1. Looking for whichever is surrounded by fewer than 16 Cβ atoms within 10 Å (Cβ to Cβ), within 25 Å of the chain's Cα centre (by Cα) and among the aromatic types (Phe, Trp, Tyr) here; the options are Phe111, Phe102, Phe71, Phe44. Which one fits?
2. Within region 88-97, does at least one residue satisfy the condition of being modelled with pLDDT of 95 or more, surrounded by 16 or more Cβ atoms within 10 Å (Cβ to Cβ) and within 19 Å of the chain's Cα centre (by Cα)?
3. So which residues in region 1-44 are outside any loop (DSSP other than H, G, I, E, B), of a type outside the set (D, E, K, R) and either at pLDDT 70 or above or closer than 30 Å to Ile132 by Cβ (or both), if there are any at all?
4. Return the residues of region 44-93 that are within 24 Å of Tyr109 (Cα to Cα) and polar (S, T, N, Q); say none if nothing qualifies.
5. Take the residues of region 45-87 that are among the β-branched types (Val, Ile, Thr) and over 13 Å from Val129 (Cα atoms): which is modelled with the lowest pLDDT?
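The values are calculated or read from the model by the stated rules, or taken from the named source; none is laboratory data. These numbers were taken from a predicted model, which means no experiment stands behind them. Here the Cβ positions follow ideal geometry from the backbone for every residue, glycine too, while neighbour counts run over all protein chains shown.
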Amino acid sequence: MRNLLLPFAVLLACSTSLLAQSRGSVQISGDTKVSELVEKHIEFNEKVKTVPGYRIQIAKLSGVNSKSQAFAQKQQFLEEYPEMTAYIIFDEPNFKVKVGDFVTRLDAYVFMQKIKNTYTSSTIIKDNVYPIRWNPEDFIPEDDLEQ
């Protein structure tokens, strides 16, 4: 008799829990300030266009004519590597020329190996960078575009 009672009790418990799951609904209520804070966080993230990453500093200049030398160095770099980005940052009393927007240190290192003969004092610097914005059409095969 006990052997029959145990399976019956297990079957009864499972059926009642299944019925309990099919009935009812879940309603989440909370402070409205939490949802306002989440909305502000979303707005802030949409406005910020940079992410933590790396740049290569190719020059650090100070003294007389350092500003014009920095702009000349930037122009020379962009003529050699037009696909890259270059920035001049004034960090008193220095003008720094930084290049690239690398999300990983490895990407920065690979490019630095490419330019190290020309720009011997180049170093990898942590910076906030503009990530590459991919065009979704770049990932669609050309065969699919024709259809």
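1. Going through Phe111, Phe102, Phe71, Phe44 in turn, the sole match is Phe44.
2. No, because not a single residue in region 88-97 is modelled with pLDDT of 95 or more, surrounded by 16 or more Cβ atoms within 10 Å (Cβ to Cβ) and within 19 Å of the chain's Cα centre (by Cα).
3. If the condition is that a residue be outside any loop (DSSP other than H, G, I, E, B), of a type outside the set (D, E, K, R) and either at pLDDT 70 or above or closer than 30 Å to Ile132 by Cβ (or both), then Thr32, Val34, Ser35, Leu37, Val38, His41, Ile42, Phe44 are the ones that fit.
4. Thr50, Gln57, Gln73, Gln75, Gln76, Thr85
5. Taking the candidates together, the pick is Val64.
Table: residues versus (1) more than 15 Å from Ser122 (Cβ to Cβ); (2) in a strand (DSSP E or B); (3) free of Cβ contacts under 8 Å to residues at least 60 places away in the same chain; (4) of a type in the set (A, V, I, L, M).
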position: Lys60; (1), (2), (3), (4): no, yes, no, no
position: Val64; (1), (2), (3), (4): yes, no, yes, yes
position: Gln75; (1), (2), (3), (4): yes, no, yes, no
position: Pro82; (1), (2), (3), (4): yes, no, yes, no
position: Tyr87; (1), (2), (3), (4): no, yes, yes, no
position: Phe95; (1), (2), (3), (4): yes, yes, yes, no
position: Lys98; (1), (2), (3), (4): no, yes, yes, no
